[in-house]
Amino acid sequence: MTRRIVVLGAGTGGTLAANRLRRMLPDSVDITVVDQDDVHVYQPGLLFVPFGLAHAEDLVRPRRRQLHDGIDFREVGIDRVDLDGDTVHLQDGDSLHYDVLVVATGATLLPEETPGMTGPAWNESVFTFYSLDGARALQKRLAGFESGRLVVNVVDMPVKCPVAPLEFCFLADWFLREKGVRERVDITYVTPLDGAFTKPVASRALGGMLEQKGVEVVTEFNTGEVGDGRLIGYDGREVPFDLAVVVPLHGGAAYVGRSPGLGDELNFVPTDEHTLQSRARPNVFALGDAANVPISKAGSVTHFEGEVLSENVRRFLAGEPLDAAYDGHANCFVETGFHKALLIDFNYDTEPLPGHFPARMGLPLLKESHLNHLGKLMFQWFYWHTLLPGRDIPGIGSAMPHGGKTLPAEPTEAVR
Amino acid sequence: MIAETVLQRTVAGVTVDVNGEGFFLHPEQWSEAMVPELAAAEGIATLTERHWQLIRLMRAAYERDGTGPPVRALSKTSGVPIKDLYELFPKGPAKVAARIAGIPKPRGCI
């Protein structure tokens, strides 16, 4: 009997899940992947575009070419999912019946939800580097920016890659120093969090680096509105800017909101944090930015989830219990400027700690090094050639390694 | 696993465990009788029906999801605009309402 898996989204999660499942399952299981376009963006590269360190066109490849033979790709928008009918309705009027649905449609930028943000100032004095067009526009603006107030603002959590706006500050400091105009620019980091990052040890380390680089930090600021050259907080505080680089509000894909019972208030899919089975239906799974599991929305998270999700989908189809368990493993290179980067590695229970990765002789954790910068640059190759095809990166598995990490001397708050 | 700071605090005559930021470590130690005293400690002298609605909503969201909603989600579920939430719970509605509702810090911040 032929059965069908429908994967919604051909980004990082959808692509690697479909490729893994294709290898694991017999031909009697059809796999169909749906996406609204054929443009796969290497999102970690967007950070480098505004500084001329990467070109937007080099970050893009066709989605369908990342999918293995034996996977059907449909380039069409999704209208809605009918959970009771196990059917996906497409925007061309067609529909797809599924035995298992994998939701991997990521997070959507919602700049229009902040009043004033997408007005005349958008891409004139207010930019985001979280999209290809935004990153390109910002590159042009930054090239001629030689004095004034540069404000980097995360509007509200959750956002993709919570370290990216910090990396932007570090790179902006480097970029402006290289240009010889750093002393004529004030850089301010404005965050809704109570520190540079949410996890205490990393927050102290990253906060210390902002201070050392002369970046002012405004905390617990919830942007309610963008006025004429100023961010206006809900609590009445204002931050003036000449150039604002914002990480806009995020939500799940719009069709999730049109699919009764699938998503939460923000259109993310409530999902079991260990099995990655959705809470909507047993035959619906979710991974990556689309899922509301309590860990950063990041490519590494999606990669580690993919291994667990594909095994659990196989088990579900075979009628076996879902015992593959994701531990919340996340792993991020944090670019710090001057050809250096630091590496953080954490999961649901262990915050990012100093030490080495993956073991005592590995890359330095929570500490700047040139080696980590090279690791970050090299990762783009691994992304297209190892991660998307659904292969394992040698020595880096789904479960977080404990060896090599140094526990803090003083007790700190648990991570959640 | 890293040890959590545990502080003890007496609310409405009952000893409860909170963390360094004042969030309940054991939500089951909370009762509605504690709300006026917890609210007063946050600078909210008069509790309106709106406050109660939002506190109960935080509590229900926690019982359903294992975490309180972030402010944007709280606004969407309650229908109360974010601006009004800031008037009801100055200094950050999601966190303040979570402390009064006796639930852990919302996990929206990750």
Which residues, taken from segment A:45-77, are closer than 19 Å to A:ASP30 by Cα and surrounded by 18 or more Cβ atoms within 10 Å (Cβ to Cβ)? A:ARG63, A:GLN66, A:LEU67, A:ILE71, A:PHE73, A:ARG74
Would you be able to tell me the number of residues in segment A:270-296 that are more than 15 Å from the chain's Cα centre (by Cα) and within 13 Å of another protein chain (Cβ to nearest Cβ)? 6
So if I check each of A:ASP235, A:ASP228, A:ASP272, which one is of a type in the set (Asp, Glu), farther than 30 Å from A:LEU206 by Cα and not assigned by TED's automatic domain parsing to the domain that holds A:THR12? A:ASP228
Enumeration of residues in segment A:214-232 that are outside any strand (DSSP E or B) and either of a type in the set (Ser, Thr, Tyr) or away from every other protein chain (no Cβ under 14 Å) (or both): A:GLY214, A:THR219, A:ASP228, A:GLY229
Residue by residue through segment A:234-253, note down the ones that are part of a strand (DSSP E or B), under 29 Å from B:THR77 (Cα atoms) and in contact with a helix residue (DSSP H, G or I) (Cβ under 9 Å, 6 or more places away or on another chain). A:VAL246, A:VAL247, A:HIS250, A:GLY251, A:GLY252
Which numbered condition A:ARG141 misses (of (1) within 12 Å of chain B (Cβ to nearest Cβ); (2) touching a residue at least 60 places away in the same chain (Cβ under 8 Å); (3) surrounded by fewer than 19 Cβ atoms within 10 Å (Cβ to Cβ)): (1)
Yes or no: segment A:306-323 includes at least one residue that is of a type in the set (Phe, Trp, Tyr), out of contact with any Asp or Glu (no Cβ under 8 Å at 6 or more places or on another chain) and at pLDDT 95 or above. yes
Could you say whether any residue in segment A:92-106 is touching a Lys or Arg at 6+ places or on another chain (Cβ under 7 Å), assigned by TED's automatic domain parsing to the domain that holds A:GLY227 and either among the polar types (S, T, N, Q) or farther than 21 Å from A:VAL226 by Cα (or both)? no
Counted residues, segment B:1-44 - those being in a loop (DSSP other than H, G, I, E, B), closer than 15 Å to B:PRO104 by Cβ and away from chain A (no Cβ under 14 Å): 1
How many of the residues making up segment A:254-307 are of a type in the set (Lys, Arg), in contact with a Pro (Cβ under 7 Å, 6 or more places away or on another chain) and part of a loop (DSSP other than H, G, I, E, B)? 1
Exactly one of A:ASN331, A:ASN347 is touching a strand residue (DSSP E or B) at 6+ places or on another chain (Cβ under 8 Å), under 26 Å from B:ALA73 (Cα atoms) and at pLDDT below 95, and that residue is A:ASN347
Conditions (1) charged (D, E, K, R); (2) surrounded by 22 or more Cβ atoms within 10 Å (Cβ to Cβ); (3) under 22 Å from A:SER296 (Cα atoms); number of the one not met by B:ASP65: (2)
Just the residues that are farther than 23 Å from A:GLY214 by Cβ and in contact with a strand residue (DSSP E or B) (Cβ under 8 Å, 6 or more places away or on another chain), please, taken from segment A:127-179. A:THR128, A:TYR130, A:SER131, A:LEU132, A:GLY134, A:ALA137, A:VAL155, A:ASP156, A:PRO158, A:VAL159, A:LYS160, A:CYS161
If you take the residues in segment A:157-181 that are buried (at least 22 other Cβ atoms within 10 Å of the Cβ) and acidic (Asp, Glu), which one is nearest to the other protein chains (Cβ to nearest Cβ)? A:GLU167
Out of B:GLY92, B:GLY13, I need the residue that is of a type outside the set (Val, Ile, Thr), out of contact with any strand residue (DSSP E or B) (no Cβ under 7 Å at 6 or more places or on another chain) and over 29 Å from A:TYR348 (Cβ atoms). Which one? B:GLY13
Whether any residue in segment A:307-316 is in contact (Cβ under 8 Å) with a residue 40 or more places away in the chain, among the β-branched types (Val, Ile, Thr) and either more than 18 Å from A:GLY14 (Cα to Cα) or buried (at least 24 other Cβ atoms within 10 Å of the Cβ) (or both) is what I want to check. yes
The strands (runs of 3 or more DSSP E) lying entirely within segment A:327-416 that contain at least 1 residues which are among the small types (Gly, Ala, Ser) and touching a residue at least 12 places away in the same chain (Cβ under 8 Å) are A:330-337, A:340-346, A:355-357
Can you name every one of the strands (runs of 3 or more DSSP E) wholly within segment A:43-131 that holds 3 or more residues which are among the aromatic types (Phe, Trp, Tyr) and under 21 Å from A:VAL159 (Cα atoms)? none
Would you mind listing the helices (runs of 4 or more DSSP H) fully within segment B:45-110 where at least 3 residues are at the interface with chain A (Cβ under 7 Å from one of its Cβ atoms)? B:71-78, B:82-88
Taking segment B:74-94 on its own, how many of its residues are within 30 Å of A:VAL301 (Cα to Cα) and surrounded by fewer than 23 Cβ atoms within 10 Å (Cβ to Cβ)? 4
Pick from segment A:254-269 the residues that are out of contact with any strand residue (DSSP E or B) (no Cβ under 6 Å at 6 or more places or on another chain) and at pLDDT 95 or above: which of them is nearest to the other protein chains (Cβ to nearest Cβ)? A:GLY257
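The values are calculated or read from the model by the stated rules, or taken from the named source; none is laboratory data. None of these values were measured; they are calculated from a predicted model. Cβ coordinates were reconstructed from backbone atoms using ideal geometry, including for glycine residues, and neighbour counts include every protein chain displayed.
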